[in-house]
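Contents: one structure, followed by commentary.
Bear in mind these aren't lab numbers, they're just calculated from the coordinates by the rules spelled out. Computed from a predicted structure; not experimentally measured. Reconstructed Cβ throughout: ideal geometry from the backbone, glycine too, with neighbour counts over all protein chains shown.
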C-alpha cells in the first residue's frame, strides 16, 4: 500500500487556528511533478511543501493548488517545525536547497527564524486594472521579483480592502502586497494572489522579503515587528541584513495523517 505521511502546521502563530496553515509532506524521493501538484490541489491550502533529505541539508519545493512557486516562507517555517519537533532534528539550524537558492532556518526555543534573500524593488506605473481591482489610491507602487508592492496611507485602508479578484487575476505578477505603517507595530500588510489560486494568503513569509527592505529604508531601522492583517492574522519579527532578511515566527502542529495513493 502506497502511503505518505502528511502534516498540517499553522505557521507564524503560537496557537491553533491562527497564522497560515501549510501542508508538509516529507519524501524519500521525489514524486512525479503532477502527483505533487494533485496532492496540493487536494489539500486546498495556499501551500503544500515537499522535501527530501540530501546529506546534511534538505531540498524543498512548494505548490499552491494551481502551480509550483519559487519561494514560500510559511511552508518553509512549517517544514522546519516538522523536522525539528517531529523528525527529531538535533542541530539548531536547517539548510534547504530551493529554486531561490539556499534558505536557512534556525531555532531558539520555540522561535524559528528564516534567512531568505532580499527582494529588489523598482518604482513602476501599474496597469490601470490593478488599481481598479483594489479600489484605493496608493501612495507608492513598486514591483519586485514576483509581486507588486502597493503602499497606502493607513492601517485602516489595509484592513478595509475588498479586492475584485477577477480583475486582479489579469496581473502579470504572482501577487499583490498592500502595506501601510502600523498603529501598534512597525508595519502591516495583506497579500493577494488569485493568479496562483490563492485569493488572500493569511500570512506570507516570501512577501516579507519585499516588505522588510522597503520598511527598513522608510523607517530607518533594521529590526521591526509586523502583522499580516488577514482574518487569521500572523505575527512576524523582521530584520534587514542587506542582501538577506530574517523573518521569525512560531508554529503549531494541527494534524498528522496519511495520504493513500493506491487508487491513483
For residue 89, put the label point 7 Å out on the Cα→Cβ axis and report which residues of the range 24-40 keep their amide N under 14 Å from it. 24-27
Hey, rough spin-label estimate for residue 66 and residue 129, points 7 angstrom out along Cα→Cβ, what's it come to in nanometres? 1.2
Along the Cα→Cβ direction, 7 angstrom out, place labels at residue 162 and residue 2. What is the inter-label distance in nm? 4.6
Taking a ≥ b ≥ c as the square roots of the Cα gyration tensor eigenvalues, with a/c under 1.5 meaning rounded and otherwise prolate when a/b beats b/c or oblate if not, the range 105-257 comes out prolate
Quick one: helix 208-219 against the long Cα principal axis of the chain, what's the angle to the nearest 10°, folded into 0 to 90? 40
If you take every DSSP beta bridge fully contained in the range 147-235, what fraction is antiparallel? Give it as a percent rounded to 5. 55
How long is the gain from residue 122 to residue 145 if the chain were fully straight, where each residue apart is worth 0.36 nm and the alpha carbon distance is subtracted? 7.3 nm
To the nearest 10 degrees, the tilt of helix 73-85 (Cα long axis) against the first principal axis of the alpha carbons of the chain is 30
Students often get this wrong: which residues of the range 1-40 have the backbone nitrogen under 14 Å from the point 7 angstrom along Cα-to-C-beta of residue 260? 1-5
When the Cα centres of the range 20-39 and the range 50-116 are compared, how far apart do they sit, in Å? 14
With both partners inside the chain, how many of the DSSP beta bridges are antiparallel, as a percent to the nearest 5? 80
Any idea how far apart residue 35 and residue 199 come out in nm if each label point goes 7 Å out from Cα toward Cβ? 3.3
Enter the angle in degrees (range 0 to 90, nearest 10) between the Cα long axis of helix 33-43 and the first principal axis of the Cα atoms of the chain, meaning the one along which they spread out most. 70
Kindly rank 58-64, 157-163, 235-241, 73-79 from highest to lowest mean number of other beta carbons found within 10 Å of each residue. 73-79, 58-64, 235-241, 157-163
quick note, the range 1-87, DSSP beta bridge pairs, % antiparallel (nearest 5) is 75
Could you compute the FRET efficiency for residue 56 and residue 109, with r as their C-beta to C-beta distance and R0 at 25 Å, rounded to 0.05? 0.65
Per the rule of 0.36 nm per residue minus the C-alpha distance, extending residue 243 to residue 97 adds in nm 50.8 nm
Counting each DSSP H run of 4 or more residues in the chain as -39500 (n - 2.57), what helix-only mean residue ellipticity at 222 nm follows after dividing by all residues, to the nearest 500 deg cm²/dmol? -5500 deg cm²/dmol
